[in-house]
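Encoded as structure tokens, the structure appears first; notes follow it.
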Amino acid sequence: MIHFVLLISRQGKVRLTKWYSPYSQKERTKVIREISGLMLHRGPKLCNFLEWGGLKVVYKRYASLYFCMCIDPDDNELETLEVIHHFVEILDRYFGSVCELDLIFNFHKAYYILDELVIAGEIQESSKKTVAQLISAQDSLVEAAKEEASSISNIIAQATK
Amino acid sequence: MGSQGGFGQSKEFLDLVKSIGEARSKSEEDRIILGEIETLKRRIVEPDIPKRKMKEYIIRLVYVEMLGHDASFGYIHAVKMTHDDSLLLKRTGYLAVTLFLNEDHDLIILIVNTIQKDLRSDNYLVVCAALNAVCRLINEETIPAVLPQVVELLGHAKEAVRKKAVMALHRFYQKSPASVLHLISNFRKTLCDKDPGVMGATLCPLFDLVTIDVKSFKDLVISFISILKQVAERRLPKSYDYHQMPAPFIQIKLLKVLALLGSGDKQASEQMYTVLGDVFKKCDTSCNIGNAVLYECICCVSCIYPNTKLLETAADAISKFLKSDTHNLKYMGIDALGRLIKISPDIAEQHQLAVIDCLEDPDDTLKRKTFELLYKMTKSTNVNVIVDRMIDYMISINDNHYKTEIASRCVELAEQFAPSNHWFIQTMNKVFEHAGDLVNIKVAHNLMRLIAEGFGEDDDTTDSQLRSSAVESYLRIIAEPKLPSVFLQMICWVLGEYGTTDGKYSASYITGKLCDVAEAYSNDETVKAYAITALMKLYAYEIAAGRKVDILPECQSLIEELSVSHSTDLQQRAYELQALIGLDACAVESVMPSDASCEDIEIDKSLSFLNHYVQESLEKGAQPYIPESERTGMLNISSFRNEDHHEASMHGLRFEAYELPKPMVPSKSPVTYTPSTELVPVPEPSYSREVHTSTAVPSISNSGSTELKLRLDGVQKKWGRPSYSSGSTSTSESSSQKTVNGVAQTESVSTSTSRAQATSSFDLKKPQVEISPEKQRLAASLFGGPIKTDKRPTSSKVVKSSSHATEKPPVAKAADTASEKSTPVQPPPDLLDLGEPTVTSSAPLIDPFKQLEGLLDQGENVSAPNHGAVNANKASDVMSLYVEIAASGQSGGAVNPVPTNGDDMLSGLSGMGIRTASPGGPAGSSPLSKGPNLRDALEKDALVRQMGVTPTSQNPNLFKDLLG
């Protein structure tokens, strides 16, 4: 299973963290420090895998952002690499050519998307279309709510004029 | 959205994110976040906060927590938000609590009720949100509260809900298997769900269930096979395709399950062969996901009952992996090789050079994986090369976790395959010296026992040689600074027992050394206890032998120091020593007999020698003894006694007798090992050939026992006692032994063999001329076993061109290293790495936001068509150039006009990624759109400007398209 997902920028800044196994806040900080120390200093031609404290870390760099997942020792690394890519493709489709800035400001949306893809550390849906449908269903609800809110506020605004 | 800013949040929040982006150091970031925490603490308790505002506060809390700070003051507000009726807010609430709370948090009890309500909701999105939370938050105690509802949701109309319900049940199973065991039939049902997503999700719990109990799922073999067949034949909806592979993630899961079901089951395995062959054939090896499936196939084939044809296919796939240029595939190849080697041990030999390349690769990950492979293929013929390499590597790393692992592997291999006692002691010394505190204490005890008991052989000379070589090596090592405690204990014990046995060293010399140790490690009581007991033994032997004992002054002061020690244990030992020195030779002889650590101490448990005394006392009117069990109103003494006993065994020397060495019955050993050999699904083909090792090797390598136990009963056969092996094998053994032990001898041996058999072909290593002789020698020593023929091509090349080869190596090596060095310099063909050089130089300097703000006006000036152009660039589909599609031919169909050369593309793309507002941005990319891209991107661009974040060439990274 996936123990955690980290998105870390090249400068070592945390962009997203999702923990599927219990880690205390202190442990989390330590994990992030250790992994970014290992990962950011690796050359471009080396493996995308790291052995780390009995577990395996699979990472991939997209532009200046590192996506990294920690998995069990008997999991399939290449598959995990593709899970990462799958996630990035879904993000790309959702944001429209996703860039790091999108994730910085919309980290909560990235969380929602990740929740549709991976649940409790296992990949739950491998169809991009299905994930996209679910997300857009949720978003349409959000839009509806917003329109409602704005129409009400418009009414109020007009009434108070 | 106007006033809210571009991304739906307030200016305040955007400012926060921006300032974090601008922070130059971790401490600055921390300061900003601490300020934010203060603000939020104040704001969040204000009365009548509008809900939308509250939602933003919660998201800000998530941000704070994500950056590693404590936001626990706001948890309760997130919990409250889950109670809200609006899905929008509820979703945010659930997101926050799943991120904040671990399953054992107290607040969870407040959410359970909400979850229960939401699981009953009519809106499937609400149910989904609740199920997400269930997966993260429900713990063992709260499972019963939601279980019935979750089970009911397995029949929900929406497939998304069914899928999440399955995943939730899987989570329950992980938390508390008993809670869902009665639901196994439900999993069987959902496996047949018409939605592939639900079916795929069901494979997760089924995999776990099958792992625990294979037998009760054998009936599903047919179903899994037919599903896999359908998937491979592209019967699933197109949307499950991923990079032209049909539902690869589902395929991988299925292969994992099949591997479990087919393991050791011939009948089940036979049903799988056809479909596995199909999947093998259909794997697209030019893309990463294809290789992932292929790797899983190899794993499956190596687990199930072996099939020659499939094994060949797997071996071919492995050699493709190993010959690949990318490290990832090499890594997978090495791993797969390690799996297959259990079934067909000869497969490694054809890949020897690839393996050695990986071993010497600068990439640590690959190196470790290769060590794992070597560990699996260790035999008595190559053990010293492998273990020496492992130890060298162990010394060079700092990672304690891995150090421990590799140290215990060294110990295990040395114990199983050591070619000679001397080598064994030396190896163990190295391991203890460099990783002594990391290895299990049992290893030290076993080694002591081994030295004491010898190897169960009859003649004592080998044993005493072993001991004196141990003593000698320890005396050499003892002066080294900062030895691990465990190692010192062992040294003290051995010196005490055998320091003076061979008469080479005088007692005063050894005692002096022991005193030095006690002094140098005066903080370590255990070491001191070992040292003083060793002193006692040495003096005892001297007295018993009738020699005069002079106690060195430093020794005297040590005894005095210890007799007033805080530790009663040390005190007792010191007093015992003093008392012993005062005794006469005869008494000492019986108290401390020489070399008696293996003797049985007979204990008269009934204390019959006291009978007389007891009788007398009773006659004088003493109370008779009442056994503990018959006494009333007394404390339970036995528990005290146990503790006492425990403590006694905790520190200090073991005074109780070691086990008696088991009588050696070589013919029995296969019988002894049967439980472990059962784990091996297949009898290894090498059994007949390597008679002398086969009994122990396969069973040990497969037993998977982590217990570090010396197998004293197996040792004798392997440690060079040719009398047990048949004539023919012993000759092959001896010659191969030579190859291994003396590196220099390798060539001579291989020469003869290569001349003898010049027929076998070896197409694999065509570019071999460049291979340095050192490497070849290593290969020969690693792989060259009894099977000489396979080694021939390597060595024959050396021989044929021996005159060149011997002179050439520096050149060849230089070429090697040169090419190695030059490779990293070349711009990597990785799409995403191209921006690197500029990034590195500017990274610390760039201020992603500040410089942009000034450009706001300019940004507004930029005309719409310009935007269009820029975005069109951005939109050009780069995804198809996804780097992992290693073969450049694959990308031929891509949009980019220059598809073959990755670098060219990159330079174009990196420019595009920058999304500059400068007119006439990078040209040459076709404006092919990807999804709703163009408009989105336009909007995004505009929004970004509104927020005051203007893209410039100065901070390309944040704006760079992640996929291009």
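The values are calculated or read from the model by the stated rules, or taken from the named source; none is laboratory data. Keep in mind that this is a model prediction, so the values were computed, not measured. Glycine also receives a Cβ, built like all others from the backbone with ideal geometry; neighbour counts cover every protein chain displayed. Side chains are part of the model used for accessible areas, which takes the heavy atoms of the whole protein and leaves out ligands, DNA and RNA. Shrake-Rupley method; radii C 1.70, N 1.55, O 1.52, S 1.80 Å.
Looking at the range B:112-156, which of the residues that are among the hydroxyl-bearing types (Ser, Thr, Tyr) and part of a helix (DSSP H, G or I) is least open to solvent (accessible area, probe 1.4 Å)? Even if it seems obvious, please write down each step before you answer.
Filtering the range B:112-156 for residues among the hydroxyl-bearing types (Ser, Thr, Tyr) gives B:114, B:121, B:124, B:142.
Subset that is part of a helix (DSSP H, G or I): B:114, B:124.
Working: B:Thr114: 9, B:Tyr124: 50 Å².
Across the range B:112-156, the extreme among qualifying residues is B:Thr114.
Does B:Leu40 satisfy the condition of being farther than 24 Å from B:Glu140 by Cβ and either without any contact (Cβ under 8 Å) to a residue 12 or more places away in the chain or open to solvent by 10 Å² or more (accessible area, probe 1.4 Å) (or both)? Can you show your working first?
Details: farther than 24 Å from B:Glu140 by Cβ: yes; either without any contact (Cβ under 8 Å) to a residue 12 or more places away in the chain or open to solvent by 10 Å² or more (accessible area, probe 1.4 Å) (or both): no.
The answer is no for B:Leu40.
Of these, B:Thr82, B:Thr92, which one is at pLDDT 90 or above, facing another protein chain (nearest Cβ under 8 Å) and surrounded by 15 or more Cβ atoms within 10 Å (Cβ to Cβ)?
Working: B:Thr82 fails: facing another protein chain (nearest Cβ under 8 Å).
The match here is B:Thr92.
One line per residue, one yes/no per condition, for (1) of a type in the set (Gly, Ala, Ser); (2) within 13 Å of chain A (Cβ to nearest Cβ):
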position	(1), (2)
B:Glu141	no, no
B:Val151	no, no
B:Ala157	yes, no
B:Lys163	no, yes
B:Leu169	no, yes
B:Val180	no, no
B:Leu191	no, no
B:Cys204	no, yes
Looking at the range A:127-143, can you tell me whether even one residue there is more than 14 Å from the chain's Cα centre (by Cα), not in a helix (DSSP H, G or I) and not small (Gly, Ala, Ser)? no
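Going by the conditions given, is B:Ala587 more than 19 Å from B:Trp493 (Cβ to Cβ), more than 45 Å from the chain's Cα centre (by Cα) and open to solvent by less than 70 Å² (accessible area, probe 1.4 Å)? Walk me through it before giving the result.
Working: more than 19 Å from B:Trp493 (Cβ to Cβ): yes; more than 45 Å from the chain's Cα centre (by Cα): yes; open to solvent by less than 70 Å² (accessible area, probe 1.4 Å): yes.
For B:Ala587, the condition - more than 19 Å from B:Trp493 (Cβ to Cβ), more than 45 Å from the chain's Cα centre (by Cα) and open to solvent by less than 70 Å² (accessible area, probe 1.4 Å) - is met.
Quickly run through the range A:42-54 and pick out the residues that are under 16 Å from B:Pro362 (Cβ atoms) and either among the acidic types (Asp, Glu) or facing chain B (nearest Cβ under 7 Å) (or both). Please lay out each step first, then the result.
Within the range A:42-54, the first condition is being under 16 Å from B:Pro362 (Cβ atoms), and the residues that meet it are A:42-51.
Passing the criteria: A:Gly43, A:Pro44, A:Lys45, A:Leu46, A:Cys47, A:Asn48, A:Phe49, A:Leu50, A:Glu51.
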Name the residue, out of B:Ile559, B:Ile543, B:Ile532, B:Ile551, that is assigned by TED's automatic domain parsing to the domain that holds B:Arg467, assigned to a loop (DSSP other than H, G, I, E, B), on the phi < 0 side of the Ramachandran plot and of a type outside the set (Gly, Ala, Ser). B:Ile551
Count of residues meeting criterion [touching an Asp or Glu at 6+ places or on another chain (Cβ under 7 Å), at pLDDT 85 or above and under 26 Å from B:Leu276 (Cβ atoms)] in the range B:333-368: 1
Top-ranked residue in the range B:294-335 [being more than 14 Å from chain A (Cβ to nearest Cβ) and of a type in the set (Ser, Thr, Tyr); ranked as most open to solvent (accessible area, probe 1.4 Å)]: B:Thr308
Any idea which of (1) open to solvent by less than 60 Å² (accessible area, probe 1.4 Å); (2) under 48 Å from the mean Cα position of the chain (by Cα); (3) under 25 Å from B:Ser464 (Cβ atoms) is the one B:Ala574 doesn't satisfy? (3)
If I ask for residues that are in a loop (DSSP other than H, G, I, E, B) and within 18 Å of B:Lys309 (Cβ to Cβ), which ones from the range B:260-288 would you list? B:Cys283
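Residue-by-condition table, conditions (1) under 19 Å from B:Leu337 (Cα atoms); (2) touching a strand residue (DSSP E or B) at 6+ places or on another chain (Cβ under 9 Å); (3) surrounded by fewer than 20 Cβ atoms within 10 Å (Cβ to Cβ):
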{"site": "B:Thr365", "(1), (2), (3)": "yes, yes, no"}
{"site": "B:Tyr375", "(1), (2), (3)": "yes, no, yes"}
{"site": "B:Lys379", "(1), (2), (3)": "yes, no, no"}
{"site": "B:Val387", "(1), (2), (3)": "no, no, no"}
{"site": "B:Ile391", "(1), (2), (3)": "no, no, no"}
{"site": "B:Met394", "(1), (2), (3)": "no, no, no"}
{"site": "B:Ile397", "(1), (2), (3)": "no, no, yes"}
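Does A:Val142 satisfy being within 10 Å of chain B (Cβ to nearest Cβ) and at pLDDT 75 or above?
no
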Residue under evaluation A:Gly37, criteria (1) small (Gly, Ala, Ser); (2) buried (at least 19 other Cβ atoms within 10 Å of the Cβ); (3) free of Cβ contacts under 8 Å to residues at least 12 places away in the same chain, criterion not met: (2)
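Conditions tested, residue by residue: (1) of a type in the set (Ser, Thr, Tyr); (2) in contact (Cβ under 8 Å) with a residue 12 or more places away in the chain.
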site: A:His85; (1), (2): no, yes
site: A:Val88; (1), (2): no, yes
site: A:Leu101; (1), (2): no, no
site: A:Phe105; (1), (2): no, no
site: A:Tyr112; (1), (2): yes, yes
site: A:Leu134; (1), (2): no, yes
Would you be able to tell me the number of residues in the range B:602-643 that are open to solvent by 100 Å² or more (accessible area, probe 1.4 Å) and at pLDDT below 70? 7
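Would you pick out the residues in the range B:85-106 that are assigned to a helix (DSSP H, G or I) and either free of Cβ contacts under 8 Å to residues at least 24 places away in the same chain or of a type outside the set (Gly, Ala, Ser) (or both)? Explain how you work it out, then say what you get.
Taking the range B:85-106 as the starting set, the residues that turn out to be assigned to a helix (DSSP H, G or I) are B:87-100.
Answer for the range B:85-106, where residues must be assigned to a helix (DSSP H, G or I) and either free of Cβ contacts under 8 Å to residues at least 24 places away in the same chain or of a type outside the set (Gly, Ala, Ser) (or both): B:Leu87, B:Leu88, B:Leu89, B:Lys90, B:Arg91, B:Thr92, B:Tyr94, B:Leu95, B:Val97, B:Thr98, B:Leu99, B:Phe100.
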Which residues, taken from the range B:325-371, are hydroxyl-bearing (Ser, Thr, Tyr) and closer than 15 Å to B:Met390 by Cα? B:Thr365, B:Thr370
Go through (1) more than 25 Å from B:Leu466 (Cα to Cα); (2) open to solvent by 30 Å² or more (accessible area, probe 1.4 Å) for B:Ala545 and report which single condition fails. (1)
Qualifying residue in the range A:105-119 (condition: within 7 Å of chain B (Cβ to nearest Cβ) and within 20 Å of B:Phe207 (Cβ to Cβ)): yes
Of a type in the set (Asp, Glu), assigned to a helix (DSSP H, G or I) and open to solvent by 10 Å² or more (accessible area, probe 1.4 Å): which single residue out of A:Asp92, A:Asp102, A:Asp115 fits that description? A:Asp115
Does the range A:55-88 hold any residues that are open to solvent by 10 Å² or more (accessible area, probe 1.4 Å) and either within 7 Å of chain B (Cβ to nearest Cβ) or of a type in the set (Asp, Glu) (or both), and which are they? A:Arg61, A:Asp72, A:Asp74, A:Asp75, A:Glu79
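Given the options B:Ile406, B:Ile451, name the one that is part of a helix (DSSP H, G or I), more than 20 Å from the chain's Cα centre (by Cα) and either at pLDDT 80 or above or not assigned by TED's automatic domain parsing to the domain that holds B:Asp388 (or both).
Working: B:Ile406 fails: more than 20 Å from the chain's Cα centre (by Cα).
One residue alone meets the criteria, B:Ile451.
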Has the range B:429-444 got any residue that is more than 14 Å from every other protein chain (Cβ to nearest Cβ) and over 26 Å from B:Lys482 (Cβ atoms)? no
I need the helices (runs of 4 or more DSSP H) fully contained in the range B:158-207, keeping only those with at least 3 residues that are in contact with a Ser or Thr (Cβ under 8 Å, 6 or more places away or on another chain), crowded, with 18+ Cβ neighbours inside 10 Å and modelled with pLDDT of 95 or more. none
